[in-house]
1. Quick one: with all protein chains in place, what share of the accessible area of the range 125-181 is carbon or sulfur, to the nearest percent (1.4 Å probe)?
2. Please say if the range 144-193 is rounded, prolate or oblate, where rounded means a/c under 1.5 for a ≥ b ≥ c the square roots of the C-alpha gyration tensor eigenvalues, and otherwise the choice is prolate for a/b larger than b/c and oblate otherwise?
3. If you take the C-alpha gyration tensor of the range 102-193, multiply each eigenvalue by 5 and take the square root, what semi-axes do you get, largest first, in whole Å?
4. Dipole size in debye (nearest 20) for the range 127-193 around its Cα centre, Lys and Arg Cβ +1, Asp and Glu Cβ -1?
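The values are calculated or read from the model by the stated rules, or taken from the named source; none is laboratory data. Keep in mind that this is a model prediction, so the values were computed, not measured. Cβ coordinates were reconstructed from backbone atoms using ideal geometry, including for glycine residues, and neighbour counts include every protein chain displayed. Side chains are part of the model used for accessible areas, which takes the heavy atoms of the whole protein and leaves out ligands, DNA and RNA. Shrake-Rupley method; radii C 1.70, N 1.55, O 1.52, S 1.80 Å.
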Amino acid sequence: MEANTDSCEQSASTMLKQVKRKKSIVWDFFVRSKSDISSNGKFKVQCTLCEQDYILNPTSGTSNLKRHLLKQSIDTRKGKESQREPIDQKTYREKISAAICRHNYPFNFVEHKGIRDIHSYLNPIVRHISRNTAKSDILNMYAREKELLKAELAMITSRVCLKSDMWSSLVSNGYMYVIAHYVDVNWVLQKRF
């Protein structure tokens, strides 16, 4: 009779282990592969988003799975199951270059700790750029905009009026700008700097 009681208690404890509820939100995005259980207790799980396999040790937690979900732009905080849009690195670099030009920031603006902290807070998978990359992006943007302006001005059939202005700064740096005024094919007055 005692042997039956011991075997019942053992089977009940193994059933409790199998029924244990998974509390982490990562289990909404991972499935466990039952066929690939190793002798040391580790097992394989597969991401349902990208189908990548991971080895999971049940005693060490789900931190590596959470990191993977962050790379996939999934918010794993409790109560937050929304997906974030993945960042487009090319668009990010173009917007940083436009901001540097528009506000006359130095190239090393992108290396300021506060700016990097803000960008990392907004999206943890952002790849920060260096001042040399920012300079290269701005020179590429300048060349692209210059070619677009040349092509646009080449298509003009009317006359172009040029206006210029010159001034000097407090430290005697000289500045000059040129504005081109023209009427486009739709009879709308345009100006380009």
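1. Looking at the range 125-181 in its full context, I get 58 percent from C and S.
2. prolate
3. 35, 20, 12
4. 160 debye
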